[in-house]
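Report on the structure given below.
The values are calculated or read from the model by the stated rules, or taken from the named source; none is laboratory data. These numbers were taken from a predicted model, which means no experiment stands behind them. Here the Cβ is made from the backbone with ideal geometry for all residues, glycine too, and neighbour counts use every protein chain on show. Surface areas here come from the heavy atoms of the whole protein model, side chains and all, with no ligands, DNA or RNA. Shrake-Rupley method; radii C 1.70, N 1.55, O 1.52, S 1.80 Å.
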Amino acid sequence: MNDYAYVARPRDAHTKHAPLTQCNLCSYSSINGVASCANSYLLNDVIRGQWDRTDAVITSDCDAVKFMMGEPMNLPDRESAAIAAIKGGLDIEMGNNLTTETFGRAVEDGRLDKEDIIKVWRRSFAPLFRSGRFDPKEFDEWRKLDKAVINSTAHQQISLEAALMGNVLLKNEKSILPLEAGKNIAVLGPFAAAGNVSDSYLSDYAADQTCFNEWSCIHNFFDEIAYLNERDGSGSTTTSAGVGISDYTSDPLNTNILDALEKARKSDVVILCLGIDRSIEFEGTDRFDTKLPGMQESFAKQILALKKPTVLVLVNGGALAIDNLIEGSTAIIEAFNPGVLGAKALSQLMFGKENKWGRLPVTMYPHDYVYQQNMLNYDMARWPGRTYKYYVGGQPLFKFGHGLSLTTFENDCVVSEVEKKVKITCNVTNAGR
């Protein structure tokens, strides 16, 4: 294949990065009876043709090629699946080696053309050349990075910014947020002072964390909230789990719940931290219900019945159905998987040190949705529909794109059209605190 090889060349010292290659992952699902990873129309005609990305690299989800021997394609053997994938536009197979094991024999017996393999090779190796993988060391900017950049102050700040904007303020009744430091605050729930913060606050794909210093250690919500409440106002902060994430008990006098209720009664403000962790949702396991697991909802109702100002904080990867907790909660924060600096970010947002809330990237459906929609049905438009584009099954709990701020804005916008181009000009004013 020497005639087709890319040649590594020194790059201009003033050129930071080569053009990015578009990388795509084909999934397990099928379109009109053809698996995504063997769908030439999708991978070749649309991505490389209509989108004009001839350099696009298509990678399979793990074992997606092997799964083509099942429905709906029912290909007879491993080699047939591999050949269908290569002809369909796949470049790199993850989770198995069916394609690379098939290359030689398939070309020899005429089931694949040599040119098919050359295309795959060129597309797969192009990003490595563009990133300098085969350049001489003296021209490779990545090899010049010093160990000092690991966990550097700049990178810590980027991590904090991401954590801040990963929180979504769903409700803020009576402007309870920002909180005033110096109050008696009870931080309650299984995610309040989580002992195993790695499982509680990080997603299924998170790498193991090592504590180089105080920044990189993962603090829990209680620690960070107590720190600001006591530092800025000499307030008192208490905590209690109340219930476990998935615990069930028939004991009406659960001592942990009684402890949490007592601390809630003595507080000025309750911060109720509920949700799901990696024991509930992880790769290869789907949830059958979108409600909070175990006794969390019944525990929350007992807390809300005290009529204390209560901020509900949700920790989760997939969306939760909190139909029965919206009305009683004074404020609601969707924290998702908070991350390494998630607790620090949440406390800064709640006390008004920062105001960088995000917007919902998902639709939060009512609980009935799990009975209305077959989760194995991937026809997005079939009633009651999926996502903000097609959902007509009722009023969502919170719409895609919803998100509040700690302040209010006034805007004066003018829309004009010039040469068939629409121009929108706005003056935006921060009109709140």
In the range 262-296, which residues are out of contact with any strand residue (DSSP E or B) (no Cβ under 8 Å at 6 or more places or on another chain) and closer than 26 Å to LYS183 by Cβ?
GLU262, ARG265
Within the range 344-364, can one find any residue that is without any contact (Cβ under 8 Å) to a residue 12 or more places away in the chain and either touching a Cys at 6+ places or on another chain (Cβ under 7 Å) or open to solvent by 60 Å² or more (accessible area, probe 1.4 Å) (or both)?
no
Only one of (1) closer than 20 Å to ALA335 by Cα; (2) touching an Asp or Glu at 6+ places or on another chain (Cβ under 8 Å) does not apply to ALA300, and that is (2)
Single residue of the range 386-433 satisfying the filter (in a loop (DSSP other than H, G, I, E, B) and more than 30 Å from LEU179 (Cβ to Cβ)) that is most open to solvent (accessible area, probe 1.4 Å)
LYS420
Helices (runs of 4 or more DSSP H) completely within the range 98-206 that count 3 or more residues being without any contact (Cβ under 8 Å) to a residue 40 or more places away in the chain and touching a helix residue (DSSP H, G or I) at 6+ places or on another chain (Cβ under 8 Å):
98-108, 114-130
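Take the conditions closer than 19 Å to LEU202 by Cα, of a type outside the set (Gly, Ala, Ser) and either at pLDDT 95 or above or open to solvent by less than 30 Å² (accessible area, probe 1.4 Å) (or both) and apply them to LEU304. Does it pass? Lay out the reasoning, then the answer.
Numbers: closer than 19 Å to LEU202 by Cα: no; of a type outside the set (Gly, Ala, Ser): yes; either at pLDDT 95 or above or open to solvent by less than 30 Å² (accessible area, probe 1.4 Å) (or both): yes.
When the stated conditions are applied, LEU304 does not pass them.
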Would a scan of the range 375-390 turn up a residue that is of a type outside the set (A, V, I, L, M), touching a Ser or Thr at 6+ places or on another chain (Cβ under 9 Å), more than 30 Å from ASN430 (Cβ to Cβ) and at pLDDT 95 or above?
no
Regarding ALA319, is this residue surrounded by 17 or more Cβ atoms within 10 Å (Cβ to Cβ), free of Cβ contacts under 8 Å to residues at least 60 places away in the same chain, under 19 Å from the mean Cα position of the chain (by Cα) and farther than 21 Å from ALA241 by Cβ?
yes
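Could you list, in sequence order, the residues of the range 244-292 that are more than 20 Å from the chain's Cα centre (by Cα), part of a loop (DSSP other than H, G, I, E, B) and surrounded by fewer than 22 Cβ atoms within 10 Å (Cβ to Cβ)? Break it down into steps so the answer makes sense when it comes.
Step one: of the range 244-292, the residues more than 20 Å from the chain's Cα centre (by Cα) are 244-272.
Next cut, part of a loop (DSSP other than H, G, I, E, B) only: 244-254, 266-268.
Of everything in the range 244-292, those that are more than 20 Å from the chain's Cα centre (by Cα), part of a loop (DSSP other than H, G, I, E, B) and surrounded by fewer than 22 Cβ atoms within 10 Å (Cβ to Cβ) turn out to be GLY244, SER246, ASP247, TYR248, THR249, SER250, ASP251, PRO252, LEU253, ASN254, LYS266, ASP268.
Just to verify a result, which residue in the range 29-67, among those that are among the aliphatic types (A, V, I, L, M) and closer than 13 Å to GLY95 by Cβ, is surrounded by the most Cβ atoms within 10 Å (Cβ to Cβ)? So that I can check it myself, show each step before the final result.
So the first thing to find is which residues in the range 29-67 are among the aliphatic types (A, V, I, L, M), and the list is 31, 34-35, 38, 42-43, 46-47, 56-58, 64-65.
With closer than 13 Å to GLY95 by Cβ added as a condition, the list becomes 64-65.
Working: ALA64: 25, VAL65: 31.
Applying the filter and picking the extreme gives VAL65.
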